[in-house]
Amino acid sequence: MRLIQTPRFAALLVGAAFLSACDVAREPSANEAVPLATATADAPTTQPLAEDSNLYGNCEPGEGGSGKTYMGREIAEVMGHFGVGWLERPEREREERTDLLVAAMTLKPTDAVADIGAGSGYFTMRISPLVPEGVVYATDIQSEMLDIVTERALEVGALNVMPVLGRIDHCGLEPKSVDVVLFVDAYHEFSHPREMMRSIAAALKPGGRVVLVEYRAEDPEVRIKERHKMTEAQARREMEAVGLEFVENIATLPQQHILVFKVSPER
Ligand SMILES: C[S@@+](CC[C@H](N)C(=O)[O-])C[C@H]1O[C@@H](n2cnc3c(N)ncnc32)[C@H](O)[C@@H]1O
């Protein structure tokens with residue numbers, strides 16, 4: 001597991017020593033400028049499989065798009081850390097009913113949860129008190145985001161929050177280490193969705209769940225750029241491609257799908 005090590009994170013790590021079965025890797029210090037591309041260690045960590053050669057294509061970039069395609073959709077551009085103000089806007093709870101989203105996760109106090117593409121930790125910080133005997137891995141590819149998460153966790157003494165610097169093609173989590181994986185408004189911007197999802201499926205414990213939250217592309221009233229929305233059908237195709245089984249679509253949010261998937265308990 002690749003945990004980010006900065007002076008602020010080191011303090012959190014000391015506090016969280018009881019969670020320590022982790023392999024702490026040296027990452028750039030807080031004082032070093034870390035542009036997105038270098039923070040993410042672009043070189044793939046996994047050997048591409050033979051079938052991967054035809055997975056991705058190219059297209060003329062649409063609004064908010066990356067110009068790279070996967071399973072018939074254009075992958076969105078990554079939101080940079082300058083977008084934190086939008087993620088943390090005070091009206092977000094009312095607009096997106098983030099309270100209902102967290103409730104829909106039906107977490108147990110002992111759960112190990114991974115908030116993948118955690119950004120500034122909006123959900124990590126809300127999940128942390130719900131799993132007092134568990135852990136929340138806040139993963140992202142931008143170290144600037146993880147610095148914010150670390151600072152917030154230290155401020156409130158949330159010692160069960162563990163920042164993890166992922167890679168563009170690997171979530172950075174140990175095999176069979178998490179009960180629930182959450183993605184909110186993040187999956188559609190993964191540049192290597194197949195490789196990421198394989199690493200995530202491997203990180204789930206038997207019977208573990210994926211909770212995928214995306215703006216509804218079926219709904220013209222949802223005023224978000226097209227590349228930043230997904231249909232249920234598209235999401236199901238992409239999750240099923242890595243062996244995840246669809247469980248349900250929890251239709252309680254004003255603008256987003258809550259799509260739940262599981263790994264087989266026999267795996
Ligand atoms: C729009 S933000 C959403 C943040 C957070 N989930 C929220 O809803 O507040 C998407 C985040 O996904 C991260 N991201 C993009 N590709 C990623 C990848 N392959 N692995 C982990 N995080 C990734 C970005 O760096 C960004 O912080």
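The values are calculated or read from the model by the stated rules, or taken from the named source; none is laboratory data. On a predicted model such as this, the values are computed, not experimentally measured, just so you know. No Cβ is skipped: glycine too gets one built from the backbone with ideal geometry, and neighbour counts run over all protein chains shown.
Here are a few things to note about the model shown:
- Answer from Leu55, Leu87, Leu154, Leu100 - the residue that is more than 18 Å from Val178 (Cβ to Cβ) and within 11 Å of the ligand (Cβ to nearest atom): Leu87
- Region 163-215, residues that are in contact with a strand residue (DSSP E or B) (Cβ under 7 Å, 6 or more places away or on another chain), small (Gly, Ala, Ser) and closer than 23 Å to Tyr70 by Cα: Gly166, Gly172, Ala186, Ser191, Ser199, Ala203
- Residue tally, condition of a type outside the set (A, V, I, L, M) and touching a residue at least 60 places away in the same chain (Cβ under 8 Å), over region 123-136: 1
- Close pairs from region 252-267: first over 16 Å from Asp185 (Cβ atoms), partner among the aromatic types (Phe, Trp, Tyr) and at pLDDT 95 or above, Cβ under 6 Å, at least 6 apart: Phe261/Phe246
- Taking region 73-166 as the region of interest, the strands (runs of 3 or more DSSP E) fully inside it that hold 3 or more residues being crowded, with 24+ Cβ neighbours inside 10 Å are 112-116, 135-140, 161-165.
- When Ile224, Ile250, Ile200 are checked against the criterion of being at pLDDT below 95, under 21 Å from Leu101 (Cα atoms) and among the β-branched types (Val, Ile, Thr), a single residue qualifies: Ile224.
- Tally, over region 131-142, of residues that are in contact with a helix residue (DSSP H, G or I) (Cβ under 7 Å, 6 or more places away or on another chain) and more than 15 Å from the ligand (Cβ to nearest atom): 1
- When region 227-241 is filtered for residues that are within 16 Å of the ligand (Cβ to nearest atom) and in contact (Cβ under 8 Å) with a residue 60 or more places away in the chain, the ones remaining, listed by number, are Arg227, His228, Met230, Glu238.
Let's see how each residue does on (1) more than 15 Å from Leu87 (Cβ to Cβ); (2) of a type in the set (Val, Ile, Thr):
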| residue | (1), (2) |
| --- | --- |
| Arg152 | no, no |
| Val156 | yes, yes |
| Leu165 | yes, no |
| Cys171 | yes, no |
| Val181 | yes, yes |
| Val184 | no, yes |
| Tyr187 | yes, no |
| Ser191 | yes, no |
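Rundown of residues vs (1) more than 30 Å from Arg237 (Cα to Cα); (2) touching a His at 6+ places or on another chain (Cβ under 7 Å); (3) modelled with pLDDT of 95 or more, yes/no style:
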| position | (1), (2), (3) |
| --- | --- |
| Ala76 | no, yes, yes |
| Thr98 | no, no, yes |
| Gly121 | no, no, yes |
| Pro132 | yes, no, yes |
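Residues are listed down the side, and each one gets a yes or a no for (1) in contact with a helix residue (DSSP H, G or I) (Cβ under 6 Å, 6 or more places away or on another chain); (2) without any contact (Cβ under 8 Å) to a residue 12 or more places away in the chain:
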| position | (1), (2) |
| --- | --- |
| Glu144 | yes, no |
| Asp147 | no, no |
| Glu155 | no, yes |
| Ile168 | no, no |
| Leu173 | yes, no |
| Val184 | yes, no |
